[in-house]
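S.K.: Starting off with a structure, shown below.
Readers should treat all values here as calculations from the given coordinates under stated rules, not as data from a laboratory. Only a predicted model underlies this, so the values are computations on that prediction, with no experimental measurement involved. Every residue, glycine among them, receives a Cβ derived from its backbone with ideal geometry; neighbour counts consider all protein chains shown.
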């Protein structure tokens, strides 16, 4: 019995590294073993294991504690450290949950969008992208952030390019993303290099201590600017968003779901980690970044991207521009410089991931049955594909922020944060931008339900293998709109871990 307890205790001590190591090891196995069916099972089991471990890690740090794991036994700051608190544990859960739920959907979806000989390549690239995202979030080493960022980016370029089976424009979208992603990564690593030059360390916790007396140093200020711009490209902050619409539109449906729900969330986490944990909250506020960059461009994104979405004829592109607008809401919470604002950002990471996954899954199901995402071609599908259309409608309601959905909770916390600061005008802007979302969602609903299908065109409902994951996301968006205990408590704990409880007063 004592031996079993010792083994279990030792296993528990290795939990921080397992979410990254398991999919990283399985990714090459998928290629070496071969066979799409085996590849799918390996990918699913690896992602499910990461999900379980991520949830276990979140439960351990919700009380404000921190888990430190020294890679290879080399103590930080000399060795690479995995450092887990409520903030990155929450994002770990988001990425691992979406990554796991997408795989059953992908098994059917890619059958018609990617040639059979490339299926094992798809699962290998998917796992590498999954690994990179988890690694970016969990590592406590600045250069490791860059390494994992490149792992996820390189595999993402491949995943998007696989959409060329359906539309050759996927190759151009992938190339554009490669160029913009490379520029962003270059800016980011230059910033890291400047920080290392000034402090002699790459450990994030150690950097925070050594940077505190260097707030007036021009090199440190330049490093901050490089990091903000570099991650701004990865996040797709307006107007650095030009790579995102085509990448989401022309990628295979399963890839669009995964990227829309996880990629920008990971990048936003990195931005807030550096802005509030590595650089002190006081440094970030005094730099003027929040008032001169984050807040203005957040508001511009909320309106400009939503208006552009109204005029799109491709539903995937409509949702892609909608994502740019939703990124604006996340940045808005950062710009508040308060615990409530940052809590709004963190909870919207979760709620938008669930909502946008449901919407892109519904669109993918339509593409599976009709081979198009052109909105006018969807006339009458509300009757022919009632479950798929219903999923889109509920997801759309959550995107708008209707009470009873997860999207409402995000905007409610954002409004609360604005009221705490006395920004009544910001409340009006949030409501007004949400009204624009009603327009582009209603345009699709009108085509689905109020227009007749073409004569002699019969479309069957999507298979259960697509509907079940889709409705799992839809029901999650409803559940987390009614029961907010896990998401709100996690978001608040994450905000405390990032900005500190004392910063609430400082931001007002």
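S.K.: For a quick check: sort 385, 198, 231 by the number of other beta carbons within 10 angstrom, fewest at the front.
M.R.: 198, 385, 231
S.K.: Could you work out how far helix 253-273 tilts from the main Cα principal axis of the chain, as a 0 to 90 degree angle to the nearest 10?
M.R.: That helix lies at roughly 20 degrees to the long axis.
S.K.: Pop the C-beta distance of residue 313 and residue 74 into the FRET formula with R0 = 41 Å and round what comes out to the nearest 0.05. Please report the intermediate quantities before stating the final value.
M.R.: On the way: r = 55 Å, r/R0 = 1.34.
Plugging the Cβ-Cβ distance into 1/(1 + (r/R0)^6) gives 0.15.
S.K.: Let me ask another. Quick one: length gained pulling residue 56 to residue 475 fully straight, 0.36 nm per residue minus the C-alpha distance?
M.R.: 148.5 nm
S.K.: For a Förster distance of 25 Å, can you work out the FRET efficiency between the beta-carbons of residue 387 and residue 483, rounded to the nearest 0.05?
M.R.: 0.55
S.K.: Another question, then. Pulled fully out, how much extra length does the chain show between residue 303 and residue 468, if you take 0.36 nm times their separation in residues and subtract their Cα-Cα distance?
M.R.: Working: separation 165, 0.36 × 165 = 59.40 nm, distance 3.33 nm.
Gain on stretching residue 303 to residue 468: 56.1 nm.
S.K.: Place the peptides 265-277, 399-411, 122-134 in order of packing, highest mean first, counting for every residue the other Cβ atoms within 10 Å and averaging per peptide.
M.R.: 122-134, 265-277, 399-411
S.K.: I've got another one for you. Can you tell me which of 344-352, 210-218 comes out highest on packing, and rank the rest after it, using the mean Cβ neighbours within 10 Å?
M.R.: 344-352, 210-218
S.K.: From the gyration tensor of the Cα coordinates in region 291-508, what semi-axes in whole Å does the equivalent ellipsoid have, largest first, with each one equal to sqrt(5λ)?
M.R.: Rounded to whole Å, the semi-axes are 34, 18, 12.
S.K.: To continue, here is another question. Over the chain, what is the mean sequence separation of C-alpha contacts under 8 Å (at least six apart), divided by residue count, expressed as relative contact order in percent?
M.R.: 15
S.K.: I would also like to ask the following. Using only Cα atoms, find the angle between the long axis of helix 2-13 and the longest principal axis of the chain, and express it within 0 to 90 degrees, rounded to the nearest 10.
M.R.: Compared with the principal axis, the helix lies near 80 degrees.
S.K.: Still on this model: In nm, to one decimal, how far is the residue 218 label point from the residue 67 one, both placed 7 Å along Cα→Cβ?
M.R.: Taking the simple label geometry, residue 218 and residue 67 are separated by 4.5 nm.
S.K.: Specify the angular offset, from 0 to 90 degrees and rounded to the nearest 10, of the alpha carbon long axis of helix 36-61 from the longest principal axis of the alpha carbons in the chain.
M.R.: Tilt of helix 36-61: around 50 degrees.
S.K.: Also, I was wondering about something else. What is the spin-label model distance, in nm, from residue 242 to residue 431 if the labels are put 7 Å beyond Cα along the C-beta direction?
M.R.: Between residue 242 and residue 431, the simple spin-label model gives 3.7 nm.
S.K.: Label residue 460 and residue 445 with points 7 Å out from Cα along Cα→Cβ: what is the distance between them in nm?
M.R.: Taking the simple label geometry, residue 460 and residue 445 are separated by 3.0 nm.
S.K.: Another question, then. Any chance you could run the full-extension gain for residue 371 through residue 421? It's 0.36 nm times the residue separation minus the Cα-Cα distance, nm to one decimal.
M.R.: Stretched out fully, the residue 371 to residue 421 stretch lengthens by 13.1 nm.
S.K.: Order 487-495, 145-153 from most to least packed using the mean count of other Cβ atoms within 10 Å.
M.R.: Values: 487-495: 23.6, 145-153: 21.4.
Top of the packing list down: 487-495, 145-153.
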